[in-house]
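Encoded as structure tokens, the structure appears first; notes follow it.
The values are calculated or read from the model by the stated rules, or taken from the named source; none is laboratory data. In this text the structure is predicted, and so the values were computed from the model without any measurement. Cβ sites come from the backbone with ideal geometry, for glycine too, and all protein chains shown count toward neighbours. Quick note on the areas: whole protein, heavy atoms, side chains included, nothing else; ligands and nucleic acids left out. Shrake-Rupley method; radii C 1.70, N 1.55, O 1.52, S 1.80 Å.
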Amino acid sequence: MPNLTHRTLEVNGIELHVAEQGTGRPVVLCHGFPGLWFTWRHQMDALSAAGYRVIAPDMRGYGRSSAPADASGYDREHTVADMVGLLDALGIDQAVFGGHDFGAHLVWDLPAWAPGRVRALMQLSVPRTPRLPVQPSIGFAHLASRHFAHVHYFQEPGVADAELNGSPRLFLAKILHALSGANRYLDCWEFPSEGNGYLDVLPDPPALPWPWLTEDEFEYYVDEFTRTGFTGGLNWYRAEDAVWAQNEVLHDKPIEVPTVFVAGSKDPVLEMMGRDPFAAMRARVPGLVDAHVVEGAGHFVQMEKPDEVNAILLDFLAELDG
């Protein structure tokens, strides 16, 4: 990756590691679980080559950034303050924000939480949905009464941590493949919650390399999560009740900044979002310019089909700048 730089910033009481590439208008890319700044490597190359300054942090809890031990450190006040602090530390007034998975959850909230700091949104895989009528943990428990639900399994501190930290290579291979265009993730729902861990219910993956992930790329994830463990990422799930409460007034505020949405046609997340998640999103995002479905891709659409995703993002950015 030419001209890629790394630095660690003192932001919002933590150390935030960021990778940067290029110069020009700033674009901040926020990953999810189990991700790293490296999740955006294909976008960083393409967007920086087109004249943008691309900034990809290891979100709090991940990689080379600080990982507070308590889940209260991952609520919306803290995660928004990280992004505002990042802009302040880099001398940026306003940026385009992109998000994937839990990064998308955060980025959807930024226009309401940090008005004036968000120029536009580029959202992947997780559409904007209505506010849940009950605490997320209650919904998670209901899911777990019917089948294995990772969001419920992750709630008790220490349990999932011990399992995943004990087998980072196996877990990463299983989860990355199951959520990809192989579309095997919902096999988990065939198992009961009782007596099962996450590794028990995830399907076995084929040997690497895969068409969208090389052995060297996979080893970067393994090395980082072997070093850090998964507790920081799991704490984003454990903070969901707090985020839900903090968003009581703000969640359904219309998102009016220009927005593009991209998802893979085989993303299991879309299958879990109801009959027409795109209609629900359009009703809440009047700034939505377009929504794209990339054929054959799964949850990691930006890694599985980088050329298609990059073309969509670059077209959106060009219209924004035009």
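What to note about this one:
- Scanning segment 117-132 for residues that are open to solvent by 20 Å² or more (accessible area, probe 1.4 Å) and either within 20 Å of Ala71 (Cβ to Cβ) or modelled with pLDDT of 95 or more (or both) yields Arg117, Arg119, Leu132.
- Count of residues meeting criterion [part of a helix (DSSP H, G or I) and under 17 Å from the mean Cα position of the chain (by Cα)] in segment 298-309: 6
- Residues satisfying the stated conditions in segment 244-282, i.e. closer than 22 Å to Asp187 by Cα, open to solvent by less than 50 Å² (accessible area, probe 1.4 Å) and under 18 Å from the mean Cα position of the chain (by Cα): Ala263, Gly264, Ser265, Asp267, Pro268, Val269, Leu270, Pro277
- Inclusion of Leu106 among residues that are assigned to a helix (DSSP H, G or I), under 25 Å from Phe171 (Cβ atoms) and either among the small types (Gly, Ala, Ser) or modelled with pLDDT of 95 or more (or both) is warranted.
- Within segment 133-170, considering residues that are in contact (Cβ under 8 Å) with a residue 60 or more places away in the chain and either over 20 Å from Val269 (Cα atoms) or touching a Pro at 6+ places or on another chain (Cβ under 9 Å) (or both), the one most open to solvent (accessible area, probe 1.4 Å): Pro157
- Every test in (1) without any contact (Cβ under 8 Å) to a residue 40 or more places away in the chain; (2) open to solvent by less than 70 Å² (accessible area, probe 1.4 Å); (3) over 21 Å from the mean Cα position of the chain (by Cα); (4) on the phi < 0 side of the Ramachandran plot is passed by Ala114 save one, and that test is (3).
- Elements of type helices (runs of 4 or more DSSP H) in segment 197-243, at least 1 residues being closer than 30 Å to Glu77 by Cβ and open to solvent by 10 Å² or more (accessible area, probe 1.4 Å): 215-228, 231-238
- Any hit, segment 283-297, residues being in a loop (DSSP other than H, G, I, E, B), out of contact with any helix residue (DSSP H, G or I) (no Cβ under 7 Å at 6 or more places or on another chain) and surrounded by 20 or more Cβ atoms within 10 Å (Cβ to Cβ): yes
- Just one of the numbered conditions (1) more than 27 Å from Pro157 (Cβ to Cβ); (2) assigned to a strand (DSSP E or B) is not true of His17: (1).
- Count of residues meeting criterion [charged (D, E, K, R) and in contact with a strand residue (DSSP E or B) (Cβ under 6 Å, 6 or more places away or on another chain)] in segment 33-59: 2
- Residues that are in contact with a strand residue (DSSP E or B) (Cβ under 7 Å, 6 or more places away or on another chain) and either more than 30 Å from Gln43 (Cβ to Cβ) or not in a strand (DSSP E or B) (or both) within segment 118-154 comprise Ser125, Pro127, listed in sequence order.
- All positions within segment 36-59 that are crowded, with 23+ Cβ neighbours inside 10 Å and either part of a loop (DSSP other than H, G, I, E, B) or in contact with a Ser or Thr (Cβ under 6 Å, 6 or more places away or on another chain) (or both): Leu36, Val54, Asp58, Met59
- Counting only residues that are open to solvent by less than 10 Å² (accessible area, probe 1.4 Å) and either of a type in the set (S, T, N, Q) or at pLDDT below 95 (or both), segment 1-35 holds 1 of them.
- Per the conditions (1) part of a loop (DSSP other than H, G, I, E, B); (2) touching a residue at least 40 places away in the same chain (Cβ under 8 Å), the sole criterion not satisfied by Glu194 is (2).
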